[in-house]
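The values are calculated or read from the model by the stated rules, or taken from the named source; none is laboratory data. None of the values given here were measured: they were computed from a predicted structure. Virtual Cβ from ideal backbone geometry, glycine too; neighbours counted across all protein chains shown.
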Amino acid sequence: MPKKSAIPDFEAALAELETLVDKMESGDQSLEEALKSFQRGVELTRTCQQGLKEAEQQVEKLIKESEDSAAEPYSSES
């Protein structure tokens with residue numbers, strides 16, 4: 001069984017990261033809480049980076065497929 005991620009997608013990771021940043025910027029956290037938030041932020045950043053990398057790869061694949069199909073000459077003879 002594949003390991004289920006705590007953050008299922010890019011949007012959820014980004015939303016949680018924004019919340020953490022807001023909390024950290026407020027200055028209302030103890031040092032221990034801030035360190036935990038920072039650690040979680042690093043994890044979320046990696047999740048977002050991976051999501052962006054995967055999206056970029058999909059876009060590149062679609063562009064390549066589009067270019068490959070457009071490059072084929074049209075033949076009216078079947």
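Here are GLU11, GLU43: which of them is in a helix (DSSP H, G or I) and either in contact with a Gly (Cβ under 9 Å, 6 or more places away or on another chain) or exposed (fewer than 11 other Cβ atoms within 10 Å of the Cβ) (or both)? Within the list GLU11, GLU43, the selection yields GLU11. All of GLU77, GLU67, GLU43 fail the test of being at pLDDT 85 or above and either of a type in the set (Asp, Glu) or more than 20 Å from ASP9 (Cα to Cα) (or both), apart from GLU43. Taken over the range 14-37, the criterion of being touching a helix residue (DSSP H, G or I) at 6+ places or on another chain (Cβ under 9 Å), part of a helix (DSSP H, G or I), surrounded by 13 or more Cβ atoms within 10 Å (Cβ to Cβ) and of a type outside the set (Ser, Thr, Tyr) is satisfied by LEU14, GLU16, LEU17, LEU20, VAL21, LYS23, MET24, ALA34.
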